[in-house]
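What follows is one structure encoded as structure tokens, with my remarks underneath.
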Amino acid sequence: MRHPLFLALLYALAAALWIFGSDQLVLWLNLNAEASTRLQTVKGWAFVVATTLLLYFLLRRLETEKQLEPRSEPPPRTPWPPVALLVLLTLLTLITGTLAYREVIEHFGEAAVSARLLAWVGFVQLFALITGAACILFWWRNVRARFMLERLRVELERTQLRSRYEALIRQSLDVVGLLDEEGNIMEINDRAVDYYGRTPNELRGRHVRELRAPESRDAAADDYRRVIETGGAVFERAHLRWDGTPFPVEISARAITHQGHRYVQSVVRDISERKQAEIALAAQERRFRGTFEQAAVGMAHVAPDGRWLRVNDRLCEIVGYPREELLQKTFQDITHPDDLEKDVWLAEQVLMGQIPTYSIEKRYFHKDGAIVWINLTVSLLRDAERRPDYFIVVIDDITPRKRIEQRLARITKFYAALSLTNQAILRSDANDQVFEEVCRIAVKCGGLEGAWIGLREADANPLRVVAAYGELRGRLLSQGEPVTEESALPYQPARRVLDSGVHWIGDDLLHSRDETTDWQVLVATMGVRSCAAFPLKRADAVIGVLGLYASEPDFFDAELVRLLDEMAADVSFALENFERERQRRRAEQELRLAATVYERSAEGILICDRDNRILMVNRAFTEVTGYPLDQIRGQNPRILASGRHNRDFYQAMWASLLEIGHWQGEIWNRRKDGEIYPEWLGITALRDAENRIVNYIGIFNDISVRKAAEEKIRYLAHHDPLTGLPNRILLQDRLQQALARAARYRQLVAVVLLDLDRFKTINDSLGHTVGDRLLQDFAQRLNQLIREGDTVSRRGGDEFVIVLTDLRRPEDAAQLAEQILGALAQPFASDGYDLASGASIGISLFPTDGQDAETLLRNADLAMYRAKEHGRNNFQFFTPDLTAGTLERLHIQHRLRQVIEHGGLTLHYQPQVALTTGDIVGVEALARWTDPDLGAIPPARFIPVAEDCGLIAPLGRWVLRTACRAARDWQARGLPPAPVAINISALQFARSDFVNEVASALTEAGLEPRWLELELTESILMADIEQVSETLRALKRLGVQLSIDDFGTGYSSLSYLRRFALDKLKIDRSFVGELGQDGNGGATAIVQIIIALARNLRLAIIAEGVETVEQYQALRDYGCDGIQGYLISQPLPGDAMREYLGARLPWRPPRPTAARSGREPAE
């Protein structure tokens, strides 16, 4: 608004004129008061409306002028709209006035018309015209201002858009240009300097061909013609830099039309780096494909669901599938079921991001069905959004390595089997037991399908099965059944070995055929692919065959065959040894029988040396002649001469002795009291290997009592002297007869073996006399309980055997067992004592529990021990699990592994004292284990399990470390130091790191090596002599003490004692336990020899298992250094041992009446 004062004055003038003029007109009209009032109201409202419109347009104009102030350019002049509006306003005002005049004439007539009314109407029309004209004027000014403002806004937007576009073009990394239809450059941005080395001014007007390399110039016309025709195109060409070097570009061109002209907008992008990247990517792709396809290992891309997406030739070769066929499968289809779960789980872990990659060894199925071992390495490739795309899999065929590993494992297992076989041979004393164990070891350790052993007694006899184990057992004949030409396939190699005398190997039975053998039957029914047979010999004669069957082809390689030859040789050795043992036992039995006969015989027996001096006489000799041995030893038998025979008689006697070696006849001799008596005398001359006479044996008896004496001998040979019951020999005969009869008539036979509970306590506390009477009374009660056809036998000690025949059901045997238990519950009156006892009873049944007497007795014995384990004073039937001990053994193995890892074992310590002073010279650490289910498990049960299942090494390591820590703890508490002795297993000693293990245990505990003693068995020393010597020397260098445990029970050579660096010998408890017992002079001699040997070798000597004062006194008299056993103390827990050491009291032996009466359990 340029003239505000003028407008304000103009408005004031107009308002004054309106107010003054309108008031004067109202007065001039001379109207009544009501009409004047209404007219004044109309006048006022007209003024308000007019001023309101003027104020509105005035404010709009002020706002518009403020927005237009920055612009100096005036708006366009187009005056016709306001003129038209003024004309229209004038016409409307005149028409309205005319119509009002006519309305007055019609209502009031012409008489009402006056000059004043005309003046008022004219004034009102004039005011309306002026007011409308002012409003039109202000409106038009406002329209012009708004039009100008809109124009300015459009121009501003165009300017900003152009600025942004120019900035975008100028800052673009690409060359942007505008071309005409001919390809001439009209506009181009500054980026051209970087591309071509020329400014936009230099390029404007030039043809685009000049920018191209020569090989791309001819295509320029066609390129831009195609752009014009199609509206746009993208193509790659070569351009030239400022130095003339070509470079690749990507041209994006589009046609545009402006004001009837056609142009081409072109964007040129340097793609040199992209081309290089594409070349590198192509090279990388070629290398990848070369690596992928020509890799020495199988490679594949696998979808997350397991589908093969891409595979190389090596993988197809590994699994035997063509590429197209393999791509139709998943990895799950060819994976071994046992390996699939782990592989899928690991793949899921990778998919979930838990692990980045994994590698496992697993098995694939070859197309031909064979197992292929592979090493699988898997990693996951994800897309840009981190979603799983596919797995990258590397597959290495490790089947050859696995076969080598399996072969080595198989060899190792068979080495273990060989060792276990030797142990079984050493532990067993019966053929059948060893053969069953050998077959079981071969199958379990060697992974075989089956093993069997057949024997024949003579060349003419057929082969008979004596033992079998494994899956093939169902195809084998029953034990004892002969093998004939019509027998099943598994026996065919045995007949070949019997004929040739050497082993026979069948490497691949599936493809091995000859005229007499169709192995495919065995392969199809049992899955056997390899078989071997080895001869068993005795005295260089083939008497049997060891047959083995495996499920793999080429199972029996050269080294394995060598091991199996050794196993067969060991079994052959066992056969010879068992034969020798059988003969030895027979000789011992005969000798015992002879000794019994000698001692109990009614015939007098005397033994003289080569000079005919009396050495020994029996009791009958003393009873008959009256001469005790001490009075007649060293005398000539002529002291007995009666004088009734002349010289010729004696000359003939001696002539017969010297010529034929014996004489017998009737002779008269004289007793000590002078009585002459007749006797039937037989004299035999015994000669040595050089045929020199060494002894004369004379046997005589009163002729009057010969018949009674002969009958007595026969009776003693078949009956127990104490109870009068049948002995073992008669029991064996009757049991065999009962079994033969039962087999013939299909009857049931029961073998009942019972052992009196706590009989030893009664025997030791009340004396042997009371014990013998108890046995006699019990035997009488048993005879009253059985039927006439049954047999009661005393097996020995407090064991009795009852053979029940013609049983209808097993419950009959159970009923008898209950009657026996009831009979024992009734007190026995003996020497003023009322004694009650119980019995542990085991029952085996024919034919279910055994086919022969020995098996039935052994199984009944096992059942009896089961009864003892169940708390004694009960009976148990034999069950198959008693022989195998499978469940218990598995439980022990499983729990033993847990307690070794997580705790549960304890160490008890048994003191060793010096015999001279009673001071403690050492303690022996003994492992103890109490299981929640099995209770206290002795070492004799869990140590063999640990050795069999490979736990002996960690068990021994735990004992070693725990004992060392305990010894160091005692010393730290100020207790008297004493070496702690630890038993070392042969398997633990054979480990290459054993010496380091000992050193580590000492270091961890902080114990000086001189306070540690390692107890070794003789079997350890008899292994690899050089290796054993080296290990012992290393241990001695370490400073520990070494001792031989259980000395005298093994087979070691005494020469090794001087060779090895040893410190101590321990006499085995089996010898110590027999000291002081009547008739055990052999044990006394052995103990004396061991003590003398240790003295000569300057080794300390200690006896273990000392339980009685008599044993202590004997060992003291023999010069033993120290003792260990229940007489001193039972094995004590660690806390109790600490208190024992803290007492610092020397041990004193108890009086003989306080000797223990129990057997010390084996540790």
Scanning the stretch 629-648 for residues that are touching a strand residue (DSSP E or B) at 6+ places or on another chain (Cβ under 8 Å) and not hydroxyl-bearing (Ser, Thr, Tyr) gives Leu629, Ile632, Arg633, Gly634, Gln635, Asn636, Pro637, Leu640, Ala641, Gly643, Arg644, His645
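Could you check, for the stretch 794-802, whether at least one of its residues is surrounded by fewer than 15 Cβ atoms within 10 Å (Cβ to Cβ) and not basic (Lys, Arg)? First the steps, then the outcome.
Of the stretch 794-802, the ones surrounded by fewer than 15 Cβ atoms within 10 Å (Cβ to Cβ) are 796-797.
Then drop every residue that is not not basic (Lys, Arg), which leaves 796-797.
Yes - at least one qualifying residue is present in the stretch 794-802.
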Looking across the stretch 643-683 at residues that are free of Cβ contacts under 8 Å to residues at least 24 places away in the same chain and of a type in the set (Ser, Thr, Tyr), the single one that is nearest to Ile614 (Cα to Cα) is Tyr650
task = Answer yes if at least one residue in the stretch 548-569 is among the β-branched types (Val, Ile, Thr) and modelled with pLDDT of 80 or more, and no otherwise.
result = yes
Among residues of the stretch 1052-1071 being in contact with a helix residue (DSSP H, G or I) (Cβ under 6 Å, 6 or more places away or on another chain) and within 16 Å of Val1106 (Cβ to Cβ), the residue modelled with the lowest pLDDT is Phe1071
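Would you list the helices (runs of 4 or more DSSP H) that sit entirely within the stretch 985-1027 and hold 2 or more residues that are closer than 18 Å to Pro954 by Cβ and either touching a residue at least 24 places away in the same chain (Cβ under 8 Å) or in contact with a Cys (Cβ under 8 Å, 6 or more places away or on another chain) (or both)?
On the way: elements: 986-989, 994-1005, 1018-1021.
Fully inside the stretch 985-1027 and qualifying: 986-989, 994-1005.
Residues that are among the aliphatic types (A, V, I, L, M), in the same structural domain as Gly767 (by TED's automatic domain parsing) and within 15 Å of Asn873 (Cβ to Cβ), at least 2 per element: which strands (runs of 3 or more DSSP E) completely within the stretch 785-846 meet that?
Values: elements: 791-796, 799-807, 828-830, 833-835, 838-846.
So the answer is 838-846.
Looking only at the stretch 1148-1158, decide whether some residue is under 50 Å from the mean Cα position of the chain (by Cα), surrounded by 18 or more Cβ atoms within 10 Å (Cβ to Cβ) and modelled with pLDDT under 90.
Here is the first cut: in the stretch 1148-1158, the residues under 50 Å from the mean Cα position of the chain (by Cα) are 1156-1158.
Retained after the next criterion (residues that are surrounded by 18 or more Cβ atoms within 10 Å (Cβ to Cβ)): none.
For the stretch 1148-1158, residues under 50 Å from the mean Cα position of the chain (by Cα), surrounded by 18 or more Cβ atoms within 10 Å (Cβ to Cβ) and modelled with pLDDT under 90: absent.
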The lone condition Arg897 fails out of (1) of a type in the set (Lys, Arg); (2) closer than 30 Å to Gly446 by Cα; (3) in contact with a helix residue (DSSP H, G or I) (Cβ under 7 Å, 6 or more places away or on another chain) is (3)
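Would you point out the residue of the stretch 893-921, among those that are among the polar types (S, T, N, Q) and in a loop (DSSP other than H, G, I, E, B), that is surrounded by the fewest Cβ atoms within 10 Å (Cβ to Cβ)?
Keep residues of the stretch 893-921 that are among the polar types (S, T, N, Q), which gives 893, 898, 906, 910, 912, 916-917.
After this cut, where a residue has to be in a loop (DSSP other than H, G, I, E, B) as well, the list is 916-917.
Details: Thr916: 9, Thr917: 11.
So, considering only residues that are among the polar types (S, T, N, Q) and in a loop (DSSP other than H, G, I, E, B), the one surrounded by the fewest Cβ atoms within 10 Å (Cβ to Cβ) is Thr916.
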Going through (1) out of contact with any helix residue (DSSP H, G or I) (no Cβ under 7 Å at 6 or more places or on another chain); (2) surrounded by fewer than 14 Cβ atoms within 10 Å (Cβ to Cβ); (3) free of Cβ contacts under 8 Å to residues at least 40 places away in the same chain one by one, Ile786 fails only at (2)
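Okay, residues lined up against (1) surrounded by 19 or more Cβ atoms within 10 Å (Cβ to Cβ); (2) touching a Cys at 6+ places or on another chain (Cβ under 7 Å):
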{"site": "Leu658", "(1), (2)": "no, no"}
{"site": "Gly674", "(1), (2)": "no, no"}
{"site": "Asn691", "(1), (2)": "no, no"}
{"site": "Asn695", "(1), (2)": "no, yes"}
{"site": "Leu722", "(1), (2)": "no, no"}
{"site": "Leu730", "(1), (2)": "no, no"}
{"site": "Ala743", "(1), (2)": "no, no"}
{"site": "Val752", "(1), (2)": "yes, no"}
{"site": "Lys760", "(1), (2)": "no, no"}
Those residues of the stretch 623-651 which are modelled with pLDDT of 90 or more and hydroxyl-bearing (Ser, Thr, Tyr) amount to Tyr627
Filter the stretch 402-435 for residues that are at pLDDT 75 or above and closer than 12 Å to Val571 by Cβ; the one that is surrounded by the most Cβ atoms within 10 Å (Cβ to Cβ) is Phe435
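Can you tell me which residue among Ala936, Ala940, Ala946, Ala925 is among the aliphatic types (A, V, I, L, M), touching a Gly at 6+ places or on another chain (Cβ under 9 Å) and either assigned to a strand (DSSP E or B) or farther than 21 Å from Ala1005 by Cβ (or both)?
Working: Ala936 fails: touching a Gly at 6+ places or on another chain (Cβ under 9 Å); Ala940 fails: touching a Gly at 6+ places or on another chain (Cβ under 9 Å); Ala925 fails: touching a Gly at 6+ places or on another chain (Cβ under 9 Å).
Residue meeting the stated conditions: Ala946.
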* To do: Please verify whether the stretch 962-982 includes one or more residues that are over 30 Å from Gly446 (Cβ atoms), crowded, with 17+ Cβ neighbours inside 10 Å and in contact with an Asp or Glu (Cβ under 6 Å, 6 or more places away or on another chain).
  => yes
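Per-residue answers, yes or no, for (1) modelled with pLDDT under 90; (2) within 15 Å of Gly298 (Cβ to Cβ):
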residue: Arg314; (1), (2): yes, yes
residue: Val319; (1), (2): yes, yes
residue: Pro322; (1), (2): no, yes
residue: Leu327; (1), (2): yes, yes
residue: Phe331; (1), (2): yes, yes
residue: Ala347; (1), (2): yes, no
residue: Leu351; (1), (2): yes, no
residue: Thr357; (1), (2): no, no
| Going by the structure shown, is Ile639 within 30 Å of Ser793 (Cα to Cα), of a type outside the set (Ser, Thr, Tyr) and either not assigned by TED's automatic domain parsing to the domain that holds Val617 or not in a strand (DSSP E or B) (or both)? | no
The residue from Leu560, Leu575, Leu564 that alone is in contact (Cβ under 8 Å) with a residue 40 or more places away in the chain, part of a helix (DSSP H, G or I) and out of contact with any Lys or Arg (no Cβ under 8 Å at 6 or more places or on another chain) is Leu564
Filtering the stretch 578-617 down to residues that are without any contact (Cβ under 8 Å) to a residue 40 or more places away in the chain and basic (Lys, Arg) yields Arg580, Arg582, Arg584, Arg585, Arg586, Arg592, Arg613
Exercise for the section: Would you be able to say whether some residue in the stretch 373-383 is without any contact (Cβ under 8 Å) to a residue 40 or more places away in the chain and farther than 30 Å from Cys316 by Cβ? Expected result: no
Filter the stretch 574-615 for residues that are of a type in the set (Val, Ile, Thr) and under 21 Å from Ile632 (Cβ atoms); the one that is modelled with the lowest pLDDT is Val597
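The values are calculated or read from the model by the stated rules, or taken from the named source; none is laboratory data. All values reported here derive from a predicted model rather than from experimental measurement. Glycine gets a Cβ as well: all are built from the backbone with ideal geometry, and neighbour counts include every protein chain shown.
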